[in-house]
Amino acid sequence: MKKIIILLGPPGSGKGTQAKIIATNHSYGHISTGDLLRALSTRHDLDADETKALREMSFGRLVPDWLIYKLAFAAADQYLNNNQGVVFDGAIRNISQAQVYQEYFFGKNLATEVLALEVSLPDAQSFLRLTERKICRNCGAIFALASAPGGLCANCGGALISRADDNIDVVKKRIQEQGNAALEPLREFYKNQNAYSAVDGRATVDDVSRQIETVLAAT
Ligand code: AMP
């Protein structure tokens with residue numbers, strides 16, 4: 001199994017859920033740049049550039065690359081320097097990022113350890129899932145509205161809330177900026193490196209996970 005698993009996929013494709021499963025199953029580190037950015041945005045010691053960069057999230061746009069590198073590479077160093085594998089979840093969303101990450105992996109002698117794995121989903125499905133999604137305020141578990149009656153988390157009983165950027169206007173923008181059209185150059189980039197696979201994200205969580213395990217075992 002490759003040491004660097006890069007999960008690609010449109011918003012709402014289930015990357016986050018699958019990244020957690022892979023990390024648990026294989027004792028890999030899990031780096032979600034979305035989570036790192038949301039954690040950063042709760043801090044009170046941000047400088048003006050960071051505050052400005054984080055504002056992009058509320059419009060459904062990508063935050064500037066420099067902030068992604070700062071957060072993701074610091075987190076990745078901790079795992080990779082201890083020889084642990086890493087699942088990158090939503091951490092690479094444009095070609096410049098793909099190139100700079102590749103240089104980072106090269107610097108760690110891990111350039112041949114990369115697998116980009118897309119959890120594929122049509123944009124229309126992405127829209128439906130995001131506008132119906134609920135997140136547990138306590139444990140971060142993700143639910144479809146229909147599967148969360150009573151508004152409480154099935155795992156821990158915590159209150160379910162909507163993510164701030166899951167409202168309709170921001171979702172439309174996110175799909176435009178991070179959906180299938182935006183993913184195409186990334187698919188090409190990793191196909192050219194013989195490091196691309198895809199699974200069908202329309203299936204159930206367990207099915208997608210099984211598909212992923214099959215791909216991982218073959219690499
Ligand atoms: P996510 O939780 O993965 O859906 O990400 C939430 C938001 O964080 C995205 O809509 C972007 O604004 C921002 N973001 C997360 N990862 C990246 C990235 N690799 N590059 C740029 N922006 C990102």
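Carbon-plus-sulfur fraction of the accessible area of the chain, 1.4 Å probe, in percent? Heavy-atom surface of the chain belonging to carbon and sulfur, 1.4 Å probe: 52 percent. Mean projection of the Cα convex hull over all viewing directions, computed for the chain: 11.8 nm². Counting every alpha-carbon pair across the range 113-197, the share separated by more than 23 Å comes to 40%.
Can you give the translational diffusion coefficient of the range 63-108 in µm²/s, computed by Stokes-Einstein from the Kirkwood radius over Cα pairs at 20 °C and 1.002 mPa s? Once the numbers are plugged in, D ends up at 196 µm²/s. Normalised by 2.2 N^0.38 Å, where N is the number of residues, the C-alpha radius of gyration of the range 100-143 stands at 1.82.
Within the range 1-88, all pairs of alpha-carbon atoms sorted by distance into 10 Å bins from zero give the percentages 16, 45, 31, 8, 0. Along the axis of the charge dipole computed for the range 33-145 (Cβ charges of +1 for Lys and Arg, -1 for Asp and Glu, origin at the Cα centre), the listed residues ILE68, LEU46, ILE92 are led at the positive end by LEU46.
For the chain, with every protein chain kept in place, what is the accessible area per residue (1.4 Å probe, Å²)?
Accessible surface, normalised per residue, equals 49 Å².
Projecting each Cα onto the charge dipole of the chain (Lys/Arg +1, Asp/Glu -1 at the beta carbon, about the Cα centre), which of PRO10, SER58, THR131 comes out farthest on the positive side? Sorting the options by dipole projection puts first THR131.
For the range 156-219, a crude dipole built from +1 on the beta carbon of Lys and Arg and -1 on the beta carbon of Asp and Glu, taken about the Cα centre, is about 100 debye to the nearest 20.
For the chain, a simple Cβ point-charge model (Lys and Arg +1, Asp and Glu -1, everything else neutral) yields a dipole of about 300 debye relative to the Cα centre. Applying a DSSP loop filter and a limit of 16 other Cβ atoms within 10 Å to the trypsin sites (Lys or Arg not before Pro) in the range 120-219 leaves ARG137, ARG163, ARG202. When the helices of the chain are scored as -39500 (n - 2.57) per DSSP H run of n ≥ 4 and the total is divided over every residue, the value at 222 nm lands at -15000 deg cm²/dmol. Think of each Lys and Arg Cβ as +1 and each Asp and Glu Cβ as -1; about the Cα centre, that makes the dipole of the range 47-103 roughly 180 debye.
The values are calculated or read from the model by the stated rules, or taken from the named source; none is laboratory data. Since the model is a prediction, treat every value here as computed from it, not as a measurement. Because the Cβ atoms are built from the backbone with ideal geometry, glycine has one as well, and the counts that use them run over all protein chains shown. In case anyone asks, the SASA skips ligands and DNA or RNA and just uses the protein heavy atoms, side chains included. Shrake-Rupley method; radii C 1.70, N 1.55, O 1.52, S 1.80 Å.
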